[in-house]
Amino acid sequence: MGIVVLLIVLPLVVACILLAVKSDSIRAPIVIGAGIAIAALSIVLAIGNHGGIIHELWQSPGTFKLGGVQIATENAAAGVSVAMTVIGAIMSIAIIVLGIKYKKILAIVLAIIQEAAILWFELSKGYAIEAANTAAKNYLYLDNFSLIMILIIGIIGSGICIYALGYMKDFQRHAAGEKDRRPWFFFLLFLFLAAMVGIVVSNNLIWMFFFWEITTLCSFLLIGFTRTPEAVNNSFRAVILNLIGGCAFVAAIIMMGMHPAIHNFELSNLLDIGTQIKAAGQGGDPVFDTIIGLLAFAGLTKAAQMPFQSWLLGAMVAPTPVSALLHSSTMVKAGVFLIIKLAPCLGISGLFAIGPGFMVIIVGGATFLFASFSALSQSNAKRVLAYSTIANLGLIVACAGVGTAEAVWCAIMLVIFHAVTKSLLFLCVGTAEHRIGSRDIEDMDGLFGRMPRLALFMIVGVSGMFLAPFGMLISKWAAMQAFVDSGVLWALLAVIFGSAVTLFYWTKWLGKLTAIVANRTSIETGVNRTEMAITGLFTAFTLIVAITFPFFSGGMIVPYLGVTFSSVAENVFVALQSSDMIVMMCLVVLVIVLVLLLYGSNRKRVMPLYMAGLNEGDDLTYVGSMQKDVPVTLRNWYFEDLFPEKLMNRIGVIVTSAVLVLVFSYYIYAATALGQYLLSGGAGGGAA
């Protein structure tokens with residue numbers, strides 16, 4: 001428990017210290033030291049606790065010592081809950097005040113509704129429910145999936161914070177004359193990391209909701225960091241859509257407390273009940289299904305699934321470290337974490353086919369398909385990465401919605417590969433943008449000549465997203481097998497077509513990077529050392545994870561599935577057999593060896609390029625008609641007419657909105673029918 005608490009407290013303490021630090025010379029060692037410490041603690045925790053069992057970290061009744069004083073767990077938990085309630089109210093007030101300042105009425109209304117609901121429930125009902133529940137309560141817990149998430153947060157998140165040192169120095173230089181707000185920026189980054197660890201180890205959903213709302217507030221403030229009109233509008237869009245999910249989260253908590261079969265706030269208890277219902281093949285309890293649906297809905301908003309994807313696209317106005325954090329290791333991963341945790345309660349089998357599993361699969365599959373189509377028409381590198389993130393999160397969500405061990409294996413593997421690879425690409429794009437003055441893919445001509453190391457890192461990242469034998473493609477193939485085995489063939493079609501589309505936009509980008517234009521002056525020497533070190537480190541991580549994923553699978557994911565899906569605990573069937581994974585691992589090693597063998601200078605004679613005209617020898621221009629110098633350009637095809645971004649988004653939003661309306665309309669109908677049945681004494685009312 002000590003390391004877990006330290007992983008929450010340490011980033012929080014560092015955040016408060018950095019808020020007061022104004023000097024670069026003091027800030028740098030603090031950030032680097034804290035980043036290394038958080039990453040090391042994450043690794044130590046994972047090494048010591050990966051056996052597959054659930055470790056109950058803070059449970060009651062029980063006691064622990066603090067400063068030599070014996071303290072009852074129940075009393076300490078009550079104190080923590082009170083502190084969370086007060087801080088949560090302060091956060092809501094902050095959003096309301098900023099909403100008043102910028103005249104954002106919807107943000108004000110949603111913040112009031114959410115805070116009023118949770119305060120009313122906790123003060124009038126929640127405390128009494130907790131006090132009446134005499135069974136053992138587990139506030140914090142740790143399982144293998146939580147450990148994987150902590151590794152992602154601790155290593156990738158900390159690396160992004162260190163990268164931000166050099167990036168924000170350049171950022172401040174470009175914003176000459178403006179107030180240096182980097183202390184506030186780094187405070188929010190480390191607060192974000194603390195909140196994410198809190199989310200993945202909280203078993204009490206009220207506690208999880210507290211950390212959940214911290215990430216909402218931090219993302220709101222980070223997206224609006226530059227305080228331009230566009231940044232302010234995009235930050236409020238993010239907070240509004242996440243507050244909608246927050247209201248759903250609060251509604252689920254209230255229904256859990258009032259449901260006679262649940263009557264507490266433990267996620268583990270909720271999952272046990274759902275697993276029992278699913279194993280028995282019974283018809284769904286409409287109220288229980290609604291609770292799961294509301295929590296899944298909250299996860300969909302946080303994971304930027306359609307129709308809520310616009311907030312993540314708007315986050316592109318923020319500095320690159322923010323984009324990397326939101327898209328790879330934090331924020332959106334909080335959403336998919338919750339949905340994957342709910343997977344044992346999902347699926348579409350049983351009497352009530354229109355349920356939370358149906359909703360999650362359709363929304364995830366549609367998001368994967370239409371976000372992939374939207375990425376086709378983009379030349380802005382960050383926007384391509386944003387749509388790719390939304391799409392891949394959709395695939396992860398769809399896998400979780402299937403609710404089988406096989407599909408959840410694919411979802412967790414996709415989480416790992418996506419976190420590492422996408423963070424690398426965001427950081428590479430941020431560094432390139434500072435050096436070439438553009439984030440447009442079309443401006444990356446000759447990047448291999450101008451910034452050879454960065455271009456190589458970017459090539460590894462792009463390859464990791466769609467080429468065999470890297471993990472993303474292998475996991476997608478395994479996901480398709482999982483859909484086939486589960487009989488969810490309509491979702492399979494979305495995955496097939498969406499995966500085919502990704503081939504186009506990644507190939508276009510890869511072609512730009514590998515096209516070497518001669519006689520380009522290197523501009524890589526001016527890149528900050530922390531930026532280059534972290535991008536190089538993340539490149540190594542991408543390759544290491546691709547090589548070692550059989551060990552992740554056998555050592556951490558399979559044991560987790562064995563505990564979570566008890567019906568297959570003895571022999572968890574995963575989407576890829578061990579022999580297949582070892583072959584893939586060997587292929588990755590072979591690819592690396594081949595690149596190393598070909599790397600370096602050669603003695604071949606290099607001839608000037610033939611350009612159907614007079615080439616003056618610089619290989620950048622040629623003399624065309626009318627004796628005019630014509631620059632060499634290589635432009636990609638962006639399919640703007642075939643797959644316009646607005647149309648693809650509109651179709652995706654319509655499809656997913658219709659599914660959400662259908663599912664929640666069914667919940668309302670089922671709950672109403674059940675109420676009428678009970679009021680009639682069980683006769684003449686019709687079964688719900």
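Tell me the net charge near residue 339. Cut-off is 14 Å between Cβ atoms, residue 339 excluded, with +1 for each Lys or Arg and -1 for each Asp or Glu.
Details: positive: 302, 333, 341; negative: none.
It works out to a net charge of +3.
Note down the magnitude of the dipole of segment 1-345 about its Cα centre, charges +1 on Lys and Arg C-beta and -1 on Asp and Glu C-beta and zero elsewhere, to the nearest 20 debye.
Its charge dipole is roughly 980 debye.
What does a probe at residue 563 reach in segment 187-225, counting residues whose amide N is under 16 Å from the point 7 Å along Cα→Cβ?
Of the residues in segment 187-225, 200-204 have backbone N under 16 Å from the label point off residue 563.
Any idea which of 220, 90, 303 is furthest toward the positive side of the dipole for segment 1-345, if Lys and Arg beta-carbons carry +1 and Asp and Glu beta-carbons -1?
The residue sitting farthest along the positive end of the dipole is 220.
Run through segment 626-662 and list the trypsin sites (Lys or Arg not before Pro) located in a DSSP loop whose Cβ has at most 12 other Cβ atoms within 10 Å.
Working: sites: 628, 635, 646, 650; in loops: 628, 635.
Passing both the DSSP loop test and the Cβ count: 628, 635.
Taking every pair of distinct Cα atoms and averaging 1/r, then inverting, what Kirkwood hydrodynamic radius in Å comes out for segment 1-345?
Taking every pair of different Cα atoms in segment 1-345, averaging 1/r and inverting gives 20.8 Å.
Run the 1.4 Å probe and let me know the accessible area of residue 443, rounded to the nearest 10 Å².
That residue has around 80 Å² of solvent-accessible surface.
Hey, which of these cross-link pairs are over 32 Å Cα-Cα: 169/646; 382/476; 104/278; 22/508; 125/341?
Numbers: 169/646 36 Å; 382/476 23 Å; 104/278 43 Å; 22/508 43 Å; 125/341 26 Å.
In this structure, 169/646; 104/278; 22/508 lie more than 32 Å apart at Cα.
Whole Å is fine, so just give me how far the alpha carbon centre of segment 240-308 lies from that of segment 311-329.
Going from one Cα centre to the other spans 27 Å.
Starting with the highest mean, order 273-279, 493-499 by the number of other Cβ atoms within 10 Å, averaged over the residues of each peptide.
493-499, 273-279
Compute the separation of the alpha-carbon centres of segment 422-461 and segment 488-542 and state it in Å as a whole number.
With segment 422-461 and segment 488-542 each reduced to a Cα centre, they are spaced 8 Å.
Put +1 on the Cβ of each Lys and Arg and -1 on the Cβ of each Asp and Glu in segment 391-521; which of 465, 409, 427 then has its Cα farthest toward the positive end of the dipole?
427
Rolling a 1.4 angstrom probe over the protein chains, ignoring ligands and nucleic acids, what is the accessible area of residue 413 in square angstrom, nearest 10?
0
So what does residue 227 come to for accessible area, using a 1.4 Å probe and Å² rounded to 10?
130
The values are calculated or read from the model by the stated rules, or taken from the named source; none is laboratory data. All figures in this text were calculated on a predicted structure; none of them were measured in a lab. Cβ coordinates were reconstructed from backbone atoms using ideal geometry, including for glycine residues, and neighbour counts include every protein chain displayed. We work out accessible area using only protein heavy atoms, side chains counted, and drop any ligands, DNA or RNA first. Shrake-Rupley method; radii C 1.70, N 1.55, O 1.52, S 1.80 Å.
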